[in-house]
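Remarks on the structure that follows.
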Amino acid sequence: MEDLDSVSNVTDFFNMSSIFSNESNFSTVAPRLVPDMNPQLRDLIYNHLGPSVCIFGMLTNIINLIVLTNNDLPESPYTYLTGLATVDFGALLLSFVYMKFSKDVFSYEWRFFDAYIFIGLVNICTTSSIWITVQLTVERYLFVRHPLWAKDMCDRASAKVKILITIGSSAVFNIPRFLCFKPMLHEPKGWLLGSTEFRTSKIFLGINWVYSIGIHFLPLAILSCANIYLVFAVHQAGQQRQKLQIRNNREAAWQREQRRLTITLISIVFLFIICIIPSAFSDRPIAYALFGGSKSETEFVASSVYYSIQYIANFLVWVELSLNFVLYCAFNEKFRRVMKFTAMKCVKKIPVPSFLGQGSRTGQGTQSSTRNSVLNTHSLSIHSKGSLVHHEAQPLQKQMYQAHAIKEEMSNGNAPLMKSRV
């Protein structure tokens, strides 16, 4: 049996790329053996705000998947957004299950879930989400910088291959996550998570720094630089479009679509940077270097400051995973149009109850018969008017015929015959 310190300091916080990976404060996530230094904030985020955000994010990501897989969105960026919605949904689902079912339960089954399923898979999803965003940003950069080359090379098929490679690489990259914890019985609480020897080794300390650089700081640097360039490029394109009149309608439409996609990506990256920077600085070694002050590392990770940083960072990560749908609706007109069209198709496929269907058919039959009767009445009135005109015209036609006959007879020298008037 390990001592109290090694048992209580075995898990870390949920954050974008290192859930239970960099930190070692057990009381923030799993059943607590030591007192929580900020229980009010923990209860607010992990029991109320966090689950609500995860539910909203799961629903919106389902909508994203339904809309983005539509054939009316064939461009490669929408394929990246489909992959992004998939891994975001996975991370939110795992987080919701953890917060609602596993977090405060001391059974072996849930500790097994935490150690060998949740910790590894949620990090695979979040790592994939980060690098899919990076890939999409780099492709947007290429479209802006080299549009003709990118138009031929960056297609939907290659995007699917890149997404699968990213997810596979993220799975390999996060294999050490599955080796960090193990279920351990601790009386009288029950089953808790304990650190493995691998997690306390110097090897994992080096891996931790690789995680911090490869999942936090390197993507943030790439996204920040690319986003600055994209913002400048969109501004320049707007000015050029005002100066030049594009006569090719297809080319103009293609450029408008690329501009919409670029603006959508810029908004995604801005949200990503805002929500992930706190997570990047919440990693244990970095947080201690910035906020530790004169405290020892053990004292710092047990302080309310450290707890608060982690809780807020985790919440911002869930927000980031959930708000892409809002950005699509706000900045991408084509997404909104396809979403409305898809919703209309889904509504038409909803079966109508039999009694409602009969009523609607009866109403339609009544309306149809009424419409036909009106049309028949209208046609009859027209026919009657036509007949009236025809009969009224007959005496005039007869008089004209008689006058013509009399003129012919007079020209022939014959006396006209007197005829009775009709």
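The values are calculated or read from the model by the stated rules, or taken from the named source; none is laboratory data. Just so we're clear, the structure is a prediction, and the values are computed from it rather than from any experiment. A quick note on method: Cβ atoms are made from the backbone with ideal geometry, for glycine too, and the neighbour counts reach across all protein chains shown.
Observations on the model:
- Complete set of residues in the range 315-350 that are surrounded by 19 or more Cβ atoms within 10 Å (Cβ to Cβ) and charged (D, E, K, R): 320
- Of the residues contained in the range 123-141, none is found to be over 23 Å from the mean Cα position of the chain (by Cα) and hydrophobic (A, V, I, L, M, F, W, C).
- Across the range 27-41, the qualifying residues are those that are surrounded by fewer than 21 Cβ atoms within 10 Å (Cβ to Cβ) and in contact with a helix residue (DSSP H, G or I) (Cβ under 6 Å, 6 or more places away or on another chain), and the one among them that is modelled with the lowest pLDDT is 33.
- Of all residues in the range 201-234, exactly one satisfies the criterion of being of a type in the set (Val, Ile, Thr), free of Cβ contacts under 8 Å to residues at least 24 places away in the same chain and farther than 23 Å from residue 286 by Cβ, namely 228.
- Screening residue 191 on (1) touching a Pro at 6+ places or on another chain (Cβ under 7 Å); (2) over 30 Å from residue 110 (Cα atoms) shows it passes everything except condition (2).
- Residue tally, condition over 16 Å from the mean Cα position of the chain (by Cα) and part of a helix (DSSP H, G or I), over the range 322-352: 7
- Scanning the range 167-182 for residues that are buried (at least 22 other Cβ atoms within 10 Å of the Cβ) and either in contact with a strand residue (DSSP E or B) (Cβ under 9 Å, 6 or more places away or on another chain) or more than 13 Å from residue 116 (Cβ to Cβ) (or both) returns 170, 180, 181.
- Qualifying residue in the range 76-94 (condition: surrounded by fewer than 19 Cβ atoms within 10 Å (Cβ to Cβ) and of a type in the set (D, E, K, R)): no
- Within the range 79-112, being within 16 Å of residue 50 (Cβ to Cβ), among the aliphatic types (A, V, I, L, M) and in contact (Cβ under 8 Å) with a residue 24 or more places away in the chain holds for 91, 92, 93, 94, 99.
- Count - residues of the range 261-299 that are of a type in the set (A, V, I, L, M, F, W, C), surrounded by fewer than 19 Cβ atoms within 10 Å (Cβ to Cβ) and modelled with pLDDT under 85: 6
- Some residue of the range 105-112 being modelled with pLDDT under 95, touching a strand residue (DSSP E or B) at 6+ places or on another chain (Cβ under 9 Å) and among the basic types (Lys, Arg): yes
- Options 365, 357: the member that is part of a helix (DSSP H, G or I), at pLDDT below 85 and surrounded by 11 or more Cβ atoms within 10 Å (Cβ to Cβ): 357
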